[in-house]
Amino acid sequence: MDADISQSTVRGRTQAPPSKSYTHRAILAAGYADGATINDPLMSADTGATMRAVEAFGGTVSYDQAAQTLAVEGFDGDPEVPDDVIDCANSGTTMRLVTAAAGLADGLTVLTGDDSLRSRPQGPLLQSIDQLAGRAESTRGNGQAPLVIGGPITGGTTAIPGDVSSQFITALLMAGATTDAGIDLALQTELKSAPYVDITLEVMDAFGVTARRTKRGFSVAGFQSYSPSGGEYDVPGDFSSMSYLLAAGALAGDDAVTVAGARPSAQGDQAIVDILEEMGAAIDWDRDAGEITVEQSALDGIEVSVEDTPDLLPTIAVLGAAADGTTRITNAEHVRYKETDRVSAMAEALTKMGASVEEEQETLTVHGGDSTLSGATVDGRDDHRIIMSLAVAGLVADGTTTIRGAEHVDVSFPDFFDVLAGLGADVGRP
């Protein structure tokens with residue numbers, strides 16, 4: 001599906017979608033438990049993959065649309081060997097978290113995904129499962145899916161790099177709590193995307209499971225049981241998805257845009273508020289009410305590291321293209337290993353729209369003062385975050401911007417274009 005975004009303005013009030021990161025972890029935590037009710041989950045293609053994985057391990061998941069709840073009957077820390085291959089589709093979070101869960105099963109589990117997911121690195125996690133006396137193989141011998149995972153692992157000590165994916169750490173901690181011996185995890189390199197591990201620790205704690213930081217990395221004791229207070233867990237709003245709505249308000253608001261559901265949490269992407277403020281946006285966050293209000297503002301370029309906030313790079317790049325001066329996005333190499341190489345994807349698309357962009361291995365520099373955005377046909381790269389950020393760019397580009405493959409927003413924000421149109425944007429779709 002293509003989406004056409006014409007230069008237009010936005011205003012009004014909208015609700016942030018539920019957090020994808022928290023929903024993934026809550027679904028799997030409920031799977032590790034006897035079961036739980038998850039309130040306000042994100043229903044998307046990615047989280048659907050995690051639901052299917054829980055069912056493949058012997059649990060059940062049912063959605064009550066009226067109540068906006070998921071009822072999960074879990075496998076109680078003892079996953080069955082799946083009857084079939086687990087297809088993680090395009091969800092890297094699902095594949096990594098489920099890889100460790102598969103290591104608990106007494107037998108072999110096969111995991112695969114789409115073309116994009118089968119190109120993403122899994123090697124360090126496979127090596128850790130090997131170190132924990134499990135079986136973990138890439139069928140092509142390249143550290144990428146399809147994967148064959150065998151267990152059961154009973155815990156122990158493993159070492160893993162922290163600069164490839166924080167999801168490796170999340171996977172091992174969540175699975176380790178149900179092993180006999182627990183898992184001590186030593187980081188071989190500095191941890192990037194650290195707030196995502198904080199999210200994991202927060203969700204585990206809400207399910208009554210304790211993991212902790214150590215001098216070398218992380219540790220989780222074994223023989224723990226997942227069980228949320230009252231049998232329920234509430235999913236917070238998603239700041240990654242909010243970033244597009246807030247950027248739209250800062251760039252194209254002809255009046256205030258207010259986003260509800262923005263309560264503080266461990267999400268690193270809360271940094272979008274500080275980034276917009278530093279660029280000069282008129283933005284206010286009422287933390288108690290969970291509401292952020294932003295107005296169209298003259299923005300200035302800044303330098304910002306995405307070491308801990310990789311999902312914000314596409315949003316920041318668009319803000320930089322519309323700002324005065326230069327925006328330099330640093331510590332971005334790990335952003336190349338997402339659904340697509342997001343550094344290259346944003347450099348290519350924004351250049352096509354008339355922006356002045358310099359791409360280096362770890363850095364993306366956008367010269368907003370030398371850029372005049374014009375509508376163009378751009379490739380969304382089958383990547384939800386590329387698509388949504390380019391839609392925001394289309395609001396301030398002269399003419400109409402056509403985004404190829406726009407249906408892939410269903411990964412994290414299925415009704416994104418409806419929400420944008422509801423705020424007044426000129427959105428055209430088949």
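Please treat every number below as a calculation from the coordinates, not as lab data. Remember, predicted model here, so these are calculated numbers, not experimental data. Here the Cβ positions follow ideal geometry from the backbone for every residue, glycine too, while neighbour counts run over all protein chains shown.
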Would you grab the residues whose amide H sits under 5 Å from the one on residue 120? Only those 5+ places off in sequence or on another chain, please, with H modelled 1.01 Å from N. 145
Label assignment, Kirkwood radius over Cα pairs in Å derived from the structure, set (i) 22.6; (ii) 21.7; (iii) 23.8: (ii)
Out of 57, 168, 223, a Gaussian network model of the chain with alpha-carbon springs under 10 Å gives the largest mean-square fluctuation to 223
Can you tell me which lysines have their Cα less than 27 Å from the Cα of residue 192? Leave out same-chain residues fewer than eight positions away. 20, 215, 338
Where labels lie 7 Å past Cα in the beta-carbon direction, separation of residue 205 and residue 130 in nm: 3.6
Could you rank the peptides 342-349, 357-364 by their average count of other C-beta atoms within 10 Å per residue, with the highest value first? 342-349, 357-364
Work out the length of the dipole vector of the chain about its Cα centre, built from +1 on the beta-carbon of each Lys and Arg and -1 on the beta-carbon of each Asp and Glu, and round it to the nearest 20 debye. 780
Roughly how many nanometres apart are two label points built 7 Å out from the Cα toward the Cβ at residue 426 and residue 69? 4.5
About its Cα centre, how strong a charge dipole does the range 281-430 have in debye, to the nearest 20, once Lys and Arg get +1 and Asp and Glu get -1 at the Cβ? 420
Using +1 at the C-beta of Lys and Arg and -1 at the C-beta of Asp and Glu, which of 36, 264, 414 has the Cα lying farthest in the positive direction of the dipole of the chain? 36
Whole-Hz ³J(HN,Hα) for each residue in the range 369-385, computed from phi via Karplus 6.51 cos²θ - 1.76 cosθ + 1.60 with θ = phi - 60°, x for glycine and proline: what do you get? x, 9, 10, 10, 6, 10, x, 7, 8, 10, 8, x, 6, 6, 10, 4, 6
Whole-Hz Karplus ³J(HN,Hα) for the range 303-317, in order, using 6.51 cos²θ - 1.76 cosθ + 1.60 and θ = phi - 60°, x for Gly and Pro? 9, 9, 8, 10, 3, 9, 9, x, 6, 7, 4, x, 5, 5, 4
Which Cα, out of 45, 196, 90, lies furthest along the positive dipole direction of the range 20-234 (beta carbon charges, K/R +1, D/E -1)? 196
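At 222 nm, what value in deg cm²/dmol follows for the chain if DSSP H runs of at least 4 each add -39500 (n - 2.57) and the sum is divided by all its residues, to the nearest 500?
-9500 deg cm²/dmol
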When a/c reaches 1.5 or more, the comparison of a/b and b/c decides; with that in mind, is the range 20-234 rounded, prolate or oblate per its Cα gyration tensor? rounded
